[in-house]
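K.L.:
Just passing along the structure, written as structure tokens.
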Amino acid sequence: MNPQKIYILGIESSCDDTSAAILCNQKILSNVVASQKVHEQYGGVVPELASRAHQQNIIPVIDQAIKQANIKKEDLHAIAFTRGPGLMGSLLVGTSFAKSMALALDIPLIEVNHMQGHILAHFIEEEDFDIPEFPFLAMTISGGHTQIVQVNDHFDMQVIGETIDDAVGEAFDKSAKIFGLPYPGGPLVDKYAQLGNPKAFPFPKPKVDELNFSFSGLKTSVLYFVQKQVKENPDFITENLYDICASLQYTIINILMDKLKKASKQTGIKRIAIGGGVSANSGIRKALKEGEQKYGWKTFIPKFEYTTDNAAMIAIVGYLKYLNKDFTDMSVGAEARMKI
Ligand code: KG4
Ligand code: ZN
């Protein structure tokens, strides 16, 4: 007998990407992402513009996801959407749309925590990608978040460390801005870092308690360092860009790896999963792989399209909640500061 095929539509609109995905059980049939270019000229996400762009994008993106999956909207079993955390104006677009569509199709509505989405993205079935066994540690690193989470089960997870100020992606992007690079600068820092000397310019590592992180001090020391050097040599940045990027990236990787090592030691857990846009960073991926040899870790790095903000990760959480019949009432609203 064939097991039943469950089709879930996932909708993600928490920041500046409008995304819709169709999932059949644990496999992704489509994952459409419309990224908003409008923010580039401002050097960061402008909430009001993000919300407007979501309104323009949401119908075509969902329509395309359904077409690409080769199903009809009437085939859907449930609609999962990002309730929070994120930008209120952005979240409202996805939340309102998901509610209306679930009502119109008379199918269950499922709320999803965006951060759980980044973690449970590891449960999407993909060739050549292993699904982690419980318990494991998940480090979510992006432009909006930096956390280490102990994951005991799909919905039994505990944040054991997080940033007390900036997210790690902000450390990349704000430093890149100081170097005159366009937004978001993280991928460019990564590219140039591969050509430079990571020990050329030592930047200080912050002292933060327990498993928490802080990145605002690093950004400030990068700023003061660059200002001082440029005063002496106006061409300092262009002459040393590769080395500056390599040194910044080296410091960030050390900060992340120190806390991860500490978390693994404290909990005794050696399965380490990462997620969020910054996990695309080549140096972080390399450091994690080295951890396999050095500390006996088993590491899990998801397929690239599931690391940045996307609806596939929302759909997989929707599926896991669907199995538990964990549905959401129509009175639900978006929640900008939602906790795991
Ligand atoms: O998850 P994401 O797409 O959006 C959220 O912030 O939620 O992450 C975007 C962040 C940006 O800060 C971007 O600069 C960073 O991820 N990023 C990288 C790399 N690729 C993306 N940072 C460092 N190295 C990369 N290769
Ligand atoms: Zn995210």
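K.L.:
Would you please list the contacts, defined by Cβ atoms under 6 Å and residues six or more apart or on different chains, that run from a residue in the range 306-323 that is farther than 24 Å from Gly169 by Cα to a residue that is part of a loop (DSSP other than H, G, I, E, B) and away from ligand 2 (no atom under 13 Å from the Cβ)?
P.N.:
Sorted first by the residue in the range 306-323, then by its partner, the pairs are Ile316/Ile124; Leu320/His154.
K.L.:
Would you say Ala65 is away from ligand 2 (no atom under 16 Å from the Cβ), open to solvent by less than 10 Å² (accessible area, probe 1.4 Å) and in a helix (DSSP H, G or I)?
P.N.:
Answer is yes for this residue.
K.L.:
For the range 102-141, how many residues meet the condition of being away from ligand 2 (no atom under 16 Å from the Cβ), under 16 Å from Ile314 (Cα atoms) and not in a strand (DSSP E or B)?
P.N.:
Count: 4.
K.L.:
If a residue has to be open to solvent by less than 50 Å² (accessible area, probe 1.4 Å), within 13 Å of ligand 2 (Cβ to nearest atom) and farther than 14 Å from Ile274 by Cβ to count, how many in the range 142-166 make the cut?
P.N.:
Final tally of qualifying residues: 1.
K.L.:
Also, I was wondering about something else. So, of the residues in the range 195-220 that are surrounded by 17 or more Cβ atoms within 10 Å (Cβ to Cβ) and outside any loop (DSSP other than H, G, I, E, B), which turns out to be nearest to the chain's Cα centre (by Cα)?
P.N.:
Only one residue tops the list, namely Phe213.
K.L.:
Got at least one residue in the range 38-56 being closer than 22 Å to Lys325 by Cβ, touching a residue at least 24 places away in the same chain (Cβ under 8 Å) and either in contact with a strand residue (DSSP E or B) (Cβ under 6 Å, 6 or more places away or on another chain) or in the same structural domain as Leu109 (by TED's automatic domain parsing) (or both)?
P.N.:
no
K.L.:
Touching a strand residue (DSSP E or B) at 6+ places or on another chain (Cβ under 7 Å), open to solvent by less than 50 Å² (accessible area, probe 1.4 Å) and assigned by TED's automatic domain parsing to the domain that holds Leu29: is that true of Gly318 in this structure?
P.N.:
For Gly318, the condition - touching a strand residue (DSSP E or B) at 6+ places or on another chain (Cβ under 7 Å), open to solvent by less than 50 Å² (accessible area, probe 1.4 Å) and assigned by TED's automatic domain parsing to the domain that holds Leu29 - is met.
K.L.:
In the range 6-60, which residues are open to solvent by 20 Å² or more (accessible area, probe 1.4 Å), within 16 Å of Asn310 (Cβ to Cβ) and more than 16 Å from ligand 2 (Cβ to nearest atom)?
P.N.:
Gln26, Lys27, Ile28, Leu29, Asn57
K.L.:
For the range 323-330, does any single residue satisfy the condition of being part of a helix (DSSP H, G or I), away from ligand 1 (no atom under 15 Å from the Cβ) and open to solvent by 10 Å² or more (accessible area, probe 1.4 Å)?
P.N.:
yes
K.L.:
Looking at Tyr242, is it farther than 16 Å from Lys219 by Cβ, of a type in the set (Phe, Trp, Tyr) and out of contact with any Cys (no Cβ under 6 Å at 6 or more places or on another chain)?
P.N.:
Answer is yes for this residue.
K.L.:
Now for a separate question. Residues of the range 80-122 being surrounded by fewer than 21 Cβ atoms within 10 Å (Cβ to Cβ) and either polar (S, T, N, Q) or not assigned by TED's automatic domain parsing to the domain that holds Ala50 (or both), which ones?
P.N.:
Correct list: Ser96, Ser100.
K.L.:
Test of understanding: among Leu248, Leu256, which residue is surrounded by 17 or more Cβ atoms within 10 Å (Cβ to Cβ) and under 24 Å from Phe134 (Cβ atoms)?
P.N.:
Every option except Leu256 fails the conditions.
K.L.:
Here is a check on your reading of the model: is Tyr306 open to solvent by 20 Å² or more (accessible area, probe 1.4 Å) and not charged (D, E, K, R)?
P.N.:
Judged against the criteria, Tyr306 is not a match.
K.L.:
Here is a follow-up. Testing Lys265 on (1) touching a residue at least 60 places away in the same chain (Cβ under 8 Å); (2) open to solvent by 10 Å² or more (accessible area, probe 1.4 Å); (3) away from ligand 1 (no atom under 13 Å from the Cβ); (4) more than 18 Å from Phe129 (Cα to Cα), one condition comes back false. Which one is that?
P.N.:
Unmet condition: (1).
K.L.:
Any residue that is outside any helix (DSSP H, G or I), closer than 30 Å to Asn57 by Cα and touching a Lys or Arg at 6+ places or on another chain (Cβ under 8 Å) - is there at least one of those in the range 261-270?
P.N.:
no
The values are calculated or read from the model by the stated rules, or taken from the named source; none is laboratory data. Just so it is clear, the structure is predicted and the values come from calculations on it, not from any experiment. Using ideal geometry, Cβ is built from the backbone for each residue, glycine included, and neighbour counts are taken over all protein chains shown. For the accessible areas, the whole protein counts, side chains as well, though only heavy atoms, and no ligand, DNA or RNA atoms are used. Shrake-Rupley method; radii C 1.70, N 1.55, O 1.52, S 1.80 Å.
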